[in-house]
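The values are calculated or read from the model by the stated rules, or taken from the named source; none is laboratory data. Values in this document were obtained by computation on a predicted structure and should not be read as measured data. No Cβ is skipped: glycine too gets one built from the backbone with ideal geometry, and neighbour counts run over all protein chains shown.
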């Protein structure tokens, strides 16, 4: 295992020190491993928190800031944060208008966020609504989930719901925006290599030199099938066609097209992929209104990609275009 | 070799199609492999172009846009663009105020940019000034250079000189800003793994499971020495101390601290590195005025990192903070 780390047991805590040092707009609660806006809580604004196991950076900590998340809870690598973390984060960002929990559909995360919401209501009377993302079309149930896994749509949801909250909308309105994003988004991923969890010290799974894992999860969970190595064009078809068929997306739909790198894949390859994805969408009459190309929801050092499509209307687009100021997504400010 | 590509010979051309599709503010001249601002040339503004071999993305194409480059020429992977490309780019962006060529110090790049400048002067009377970056302290001469290699400072220079050009400064003034950035910046890198050039199909160099290449170049050129695997803390010392000693940076200096990933290294590890770099700088009394953490000048899929420090004054910081709107760096707009 070759990694830029010190103690494999201490990677998350040390990365949080780096994030705190690099980003003056953000504070870190090291005890609870929470990254939060330095200006939290914002009086009268719905607070939005998310979180999950680490190893998916920049998700979620890199999306904390104006127009997106108010706080993110970092679990250990690929391990859900505990309810105390989400409880502390909820209190940190509650400006009196309630708090939205954005939860990727993994059993541990769902359970722990639920417990935190109950504790918050009991302790401080905080209003909490949870929205669970489950956009991965690859498999119905999975190693760590009942139902579909939450993946790339989470990034888009955090941006779009974040903009709605910034506009001063109510908790129920922000939650409804978030639910609509999840309902209109679909994703699928593919691994060229395994990732290596620092504390494990060896690859999570074995993959032959001529094999890919189609439908891989962001923790290296098995997908639909092992398939032989293929070209970017073939890979794009393997990912985009099931995504298109699932919603379904149809001729005339407008989408945000998000081609994501899984951590070990360079940007050059992601643009080759984006060209293929865009070609397929054009062939289906699906119009790309906005695009996002880069490594935004990763699986440590895994080489591979995922494709997320989100069907949008003008209202959703205007929320997407609204100003955002976070370490990983920034525009308009 | 596992890559998200189609034909290894066609990677750059296809990535350019992807970049064009993903970024409506940019145009691509596919014949000359030039990415340029859709609003070029800007009348009365100094044009800034750069370029070099591909494989370092987002450098340079990802830095084209308002407040940074007007155009970038893409060579084949790790191969200098030819003079015709820089000539065409120079003409595309010449708004009558002259054109700055930003050239990383590699023999092919320097020679070809020089020839393009002569051709441009002869053909269109364009005023061209070249500034060469040579910030890599690792080795004095190298596989592809006489003198030091140009690396991370190039990113900072393109941003800062781009802001100066956007303010309407003269060609000589913008060039002087660029020269000062190069003079005040130093870098050094380290590889955990080799990169693999698509057309070669195998790693550029061999590196044992317990070895790192200290002072590696961005094409996998040999550095100072092979050293045993070490912790992030030790690696930060190996990189930062020679950089600090070279300028030298001293107690009370203000810097932009740039911790860069080489393409295959995830963000989580870069933040662990940033924490160590920041700690060392603090120990030397060097004040980090701004930071940049991410993969901005890469070497295909190489795992590893580089550290760049740039000594800054308030004037340089205000140019750094000025609005920029490119695919890879964006703020203030």
Subset of the range B:215-259, residues more than 20 Å from residue A:13 (Cα to Cα) and part of a strand (DSSP E or B), comes to B:225, B:226, B:227, B:228, B:254, B:255, B:256, B:257, B:258
Checked against (1) more than 14 Å from chain A (Cβ to nearest Cβ); (2) loosely packed, with under 15 Cβ neighbours inside 10 Å; (3) in contact with a strand residue (DSSP E or B) (Cβ under 9 Å, 6 or more places away or on another chain), residue B:221 satisfies every condition except (2)
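Out of the range B:120-154, which residues are more than 16 Å from residue B:47 (Cβ to Cβ) and out of contact with any strand residue (DSSP E or B) (no Cβ under 7 Å at 6 or more places or on another chain)?
In the first step, residues of the range B:120-154 are kept if they are more than 16 Å from residue B:47 (Cβ to Cβ); the result is B:122, B:132-154.
Those that are more than 16 Å from residue B:47 (Cβ to Cβ) and out of contact with any strand residue (DSSP E or B) (no Cβ under 7 Å at 6 or more places or on another chain): B:122, B:134, B:139, B:140, B:141, B:142, B:143, B:144, B:145, B:146, B:147.
So if I check each of B:15, B:89, B:22, B:74, which one is within 18 Å of residue B:154 (Cβ to Cβ), within 14 Å of chain A (Cβ to nearest Cβ) and touching a helix residue (DSSP H, G or I) at 6+ places or on another chain (Cβ under 9 Å)? Steps first, please.
On the way: B:15 fails: within 18 Å of residue B:154 (Cβ to Cβ); B:89 fails: within 14 Å of chain A (Cβ to nearest Cβ); B:22 fails: within 18 Å of residue B:154 (Cβ to Cβ).
Exactly one of B:15, B:89, B:22, B:74 is within 18 Å of residue B:154 (Cβ to Cβ), within 14 Å of chain A (Cβ to nearest Cβ) and touching a helix residue (DSSP H, G or I) at 6+ places or on another chain (Cβ under 9 Å), namely B:74.
From the list A:143, A:133, which one is in contact with a helix residue (DSSP H, G or I) (Cβ under 6 Å, 6 or more places away or on another chain) and farther than 21 Å from residue A:314 by Cβ? First the steps, then the outcome.
Working: A:143 fails: in contact with a helix residue (DSSP H, G or I) (Cβ under 6 Å, 6 or more places away or on another chain).
Unique residue meeting the criteria: A:133.
Could you tell me whether the range A:207-214 includes any residue that is under 19 Å from residue B:4 (Cβ atoms) and more than 11 Å from chain B (Cβ to nearest Cβ)? Spell out the reasoning first.
Of the residues in the range A:207-214, the ones under 19 Å from residue B:4 (Cβ atoms) are A:207-214.
With more than 11 Å from chain B (Cβ to nearest Cβ) added as a condition, the list becomes A:213-214.
Yes - at least one qualifying residue is present in the range A:207-214.
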Only one of (1) in a loop (DSSP other than H, G, I, E, B); (2) more than 15 Å from the chain's Cα centre (by Cα); (3) within 11 Å of chain B (Cβ to nearest Cβ); (4) buried (at least 19 other Cβ atoms within 10 Å of the Cβ) does not apply to residue A:59, and that is (2)
When every residue in the range A:260-291 that is surrounded by fewer than 24 Cβ atoms within 10 Å (Cβ to Cβ) and assigned to a strand (DSSP E or B) is compared, the one nearest to the other protein chains (Cβ to nearest Cβ) is A:291
When every residue in the range B:298-325 that is within 11 Å of chain A (Cβ to nearest Cβ) and closer than 26 Å to residue B:217 by Cβ is compared, the one surrounded by the most Cβ atoms within 10 Å (Cβ to Cβ) is B:299
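Please tell me if residue A:252 is more than 17 Å from the chain's Cα centre (by Cα), at pLDDT 95 or above, at positive phi and within 14 Å of chain B (Cβ to nearest Cβ). Before you say what the answer is, go through the steps one by one.
Details: more than 17 Å from the chain's Cα centre (by Cα): yes; at pLDDT 95 or above: yes; at positive phi: yes; within 14 Å of chain B (Cβ to nearest Cβ): no.
Against the criterion (more than 17 Å from the chain's Cα centre (by Cα), at pLDDT 95 or above, at positive phi and within 14 Å of chain B (Cβ to nearest Cβ)), residue A:252 does not qualify.
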Does residue B:114 count as buried (at least 17 other Cβ atoms within 10 Å of the Cβ), outside any loop (DSSP other than H, G, I, E, B), at negative phi and free of Cβ contacts under 8 Å to residues at least 24 places away in the same chain?
yes
Residue hits (the range B:1-30; without any contact (Cβ under 8 Å) to a residue 12 or more places away in the chain and in a loop (DSSP other than H, G, I, E, B)) are B:2, B:4, B:6, B:7
Considering residues that are farther than 16 Å from residue B:72 by Cβ and assigned to a strand (DSSP E or B), the number found within the range B:129-157 is 5
Filter the range A:188-214 for residues that are assigned to a loop (DSSP other than H, G, I, E, B) and touching a helix residue (DSSP H, G or I) at 6+ places or on another chain (Cβ under 8 Å); the one that is surrounded by the most Cβ atoms within 10 Å (Cβ to Cβ) is A:198
